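To keep things clear, I will list the structure first and then write my remarks on it.
The values are calculated or read from the model by the stated rules, or taken from the named source; none is laboratory data. Because the structure is a prediction, the values reported are computed rather than measured. Backbone-built Cβ (ideal geometry, glycine too); neighbour counts: all protein chains shown. Ligands, DNA and RNA are stripped out before the accessible areas are found, and what is left, the full protein with its side chains, is counted by its heavy atoms. Shrake-Rupley method; radii C 1.70, N 1.55, O 1.52, S 1.80 Å.
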Amino acid sequence: MKKKIVIIGGGVAGLSAGIYAARNGFDTEILEMHTVAGGLCTAWTRMGYHFDYCLHWLVGTSKGAFHNIWKETGVIDESTVVIDHEIHSETILPDGRKFVIYSNIDRWEKYLLELAPEDAKSINRMCSDMRKSAHLEPFNDPPGLRSAGTYISSLFKIMPVVRVIQKFGRKTCSEYFDRLNFKNTLLRDALYLSYGEKDFSAMVFIFMLGWFNQKNAGYIIGGSYPLAQRMLNTYIEEGGRMSFGKKVESIIVQNNTVNGVVLSDGAKIEADYVIAACDGYSTIFKMLGGKYVSSKVRKAYDKWPLFTALVQVSFGVNRKMNGSIPIINVMSPGKQLGITKLSSGYGIMNYSFDPSMAPEGKTTLVIRFESPWELWESLDKQQYKDAKEKTLADALALLEEHYPGISADVEVIDVATPKTTARYTGVRKGAYQGFLPTSQNMMKSLDMTLPRLKKFYMAGQWLFPGGGLPPSAQTGKWAVQYICKEEGILFKN
């Protein structure tokens, strides 16, 4: 009989694990608490408008280990349309000044030199650091399954960027900017306001444009929901079973060996292996009762900060609104938006570049901003309703400021809060990308196994600060590679 693998969570990590497990001959079942697949990689439809919660870009759209996974799981094929935006984003400062980040490093460098010729040396240095990030490539195989030759080859490839990592691997963006010592006020203000207010890893900023510069972080037409649906279809075609509306309450352990799960309705499902591709905290401290915790895991969940939860206000506009800038970040610290006092500002995304996001002749617009979980956590039903209505009204007023007269053309508005995120995905405190990548944790990761616990693996973005779809899909694949190793099976991609 086939060995059975139960996978908790039908997001990108769970779907990836399911696809590779089924492809390698295992009896697989994905248990998903929601009614659709995708987890945080999701979207919803209102009056013909599609409101996407996740996909701004996807690392691995043209090459590399992540690209291989997207092809193997059905995300990318010959029919996939990818857009490589010329402009990464535009920042509007509180006084109205504008600052552009181009996706191409050469073009951005030229723009910066024209903007701030007095900072030529620092600009050249920063762009040189960013170009070196192209030498970093993710491994195909997980730790413990890589050959010595793989490590040697990788070492030679990354030599140009090793010095950058040594110098700035444990630095914040602010410390990196301080070292560059920019003199131009627009350049300084834009960078510090956008990236320097938190303990945000300098390495994330330095590597920010590396993927875009290689045209390897494009936007896939259709966005999140079709992406997840293609993975689901691949999983089903491989023979996997998907069970919706199934919330796992606990993981069954006997003699430190996992052999199944218990659902919220009391039903038990036996398994030879369990892969937890869901919220890390819920898995470790609730489903497993906190009985299998390493000091590394304890420190991570006690000390590592989380991404601040998001509020997303989506608008269906009965007007064609073409735009060349996919994301506009408006810096307005201290501004009140609903119940939230903004720490930095808000973003506006114009989806006119994706014709699938709105009916013909119409446009989907989205406003997103950080809103701490604590603001929403204890609201009662009426307070929550009032908070959403106030947020909606304030967001519409903001949109009117940017596009005068647009209110008359708004056909539908949808508000998603941190509680929406937690309710449908189970993610802790609405932290949509898990652990924030800081100067202290950026170079770290958590193990896919827990101490003393057998026949169990974790997958998903809670293993890596910064999270995201690519590492989620990759760890789903890696979990199955480890299981194949245990079972003495030659792994198939």
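Numerical summary
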{"item": "The stretch 56-85, subset among the hydrophobic types (A, V, I, L, M, F, W, C) and farther than 20 Å from Ser356 by Cβ, residue surrounded by the fewest Cβ atoms within 10 Å (Cβ to Cβ)", "result": "Ala65"}
{"item": "Test: Arg452 is within 28 Å of Asp386 (Cα to Cα) and open to solvent by 50 Å² or more (accessible area, probe 1.4 Å)", "result": "no"}
{"item": "Verdict on Leu399 being within 26 Å of the chain's Cα centre (by Cα), aliphatic (A, V, I, L, M) and either open to solvent by 50 Å² or more (accessible area, probe 1.4 Å) or at pLDDT below 95 (or both)", "result": "no"}
{"item": "Qualifying residue in the stretch 311-325 (condition: open to solvent by 40 Å² or more (accessible area, probe 1.4 Å) and within 30 Å of Gln383 (Cα to Cα))", "result": "no"}
{"item": "Test: residue in the stretch 272-293 that is surrounded by fewer than 16 Cβ atoms within 10 Å (Cβ to Cβ) and in contact with a strand residue (DSSP E or B) (Cβ under 7 Å, 6 or more places away or on another chain)", "result": "no"}
{"item": "Among (1) in a helix (DSSP H, G or I); (2) open to solvent by 40 Å² or more (accessible area, probe 1.4 Å); (3) small (Gly, Ala, Ser); (4) in contact with a strand residue (DSSP E or B) (Cβ under 9 Å, 6 or more places away or on another chain) - the single one Ser352 does not satisfy", "result": "(2)"}
{"item": "Flag if Ala479 is surrounded by 18 or more Cβ atoms within 10 Å (Cβ to Cβ) and more than 25 Å from Gly39 (Cα to Cα)", "result": "no"}
{"item": "Positions within the stretch 471-493 being assigned to a helix (DSSP H, G or I) and either of a type in the set (Phe, Trp, Tyr) or modelled with pLDDT under 95 (or both), in sequence order", "result": "Trp478, Tyr482"}
{"item": "Checklist (1) touching a helix residue (DSSP H, G or I) at 6+ places or on another chain (Cβ under 9 Å); (2) within 28 Å of Lys477 (Cα to Cα) applied to Tyr151, failing item", "result": "(1)"}
{"item": "Selection within the stretch 445-470 - free of Cβ contacts under 8 Å to residues at least 60 places away in the same chain and either within 20 Å of the chain's Cα centre (by Cα) or part of a helix (DSSP H, G or I) (or both)", "result": "Ser445, Phe464"}
{"item": "Strands (runs of 3 or more DSSP E) contained entirely in the stretch 1-120, each with at least 3 residues that are under 17 Å from Asn493 (Cα atoms), of a type outside the set (A, V, I, L, M) and in contact with a Leu (Cβ under 8 Å, 6 or more places away or on another chain)", "result": "none"}
